[in-house]
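The values are calculated or read from the model by the stated rules, or taken from the named source; none is laboratory data. Computed from a predicted structure; not experimentally measured. Heads up, the Cβs are rebuilt from the backbone with ideal geometry, glycines too, and the neighbour counts pull from every protein chain shown.
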Amino acid sequence: MMQSQEGMPLTANDIERRVRELLDAANLPALRGVCVEVKDDCLVLTGGVSTFYQKQLATELARRALGVC
């Protein structure tokens, strides 16, 4: 389970919110349409984007929000 900077466990809602904030901050309209959901301890991104770059960017931003290298 992920932890916040304060050492508190993050809830599924916390994780979804963090990823959503990063996707919105990218300032690409296509990323605003990506749905973010935690299911069975997995982060799931769904929706459509126009380019492979946008797909990779959404994936990388999600990884960054989770602290994955």
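Of the residues making up region 48-58, those that are touching a residue at least 12 places away in the same chain (Cβ under 8 Å), out of contact with any helix residue (DSSP H, G or I) (no Cβ under 6 Å at 6 or more places or on another chain) and surrounded by 13 or more Cβ atoms within 10 Å (Cβ to Cβ) number 1. Against the test of being modelled with pLDDT under 95 and under 8 Å from the mean Cα position of the chain (by Cα), the options Leu45, Leu66 yield a single qualifying residue, Leu66.
Candidates in region 2-25 are the residues that are of a type in the set (A, V, I, L, M) and within 8 Å of the chain's Cα centre (by Cα); of these, the one that is modelled with the lowest pLDDT is Ile15. If the condition is being touching a residue at least 24 places away in the same chain (Cβ under 8 Å) and either outside any strand (DSSP E or B) or in contact with a Lys or Arg (Cβ under 9 Å, 6 or more places away or on another chain) (or both), then region 22-40 contributes Leu22, Leu23, Ala26, Leu28, Ala30, Leu31, Val34, Val36.
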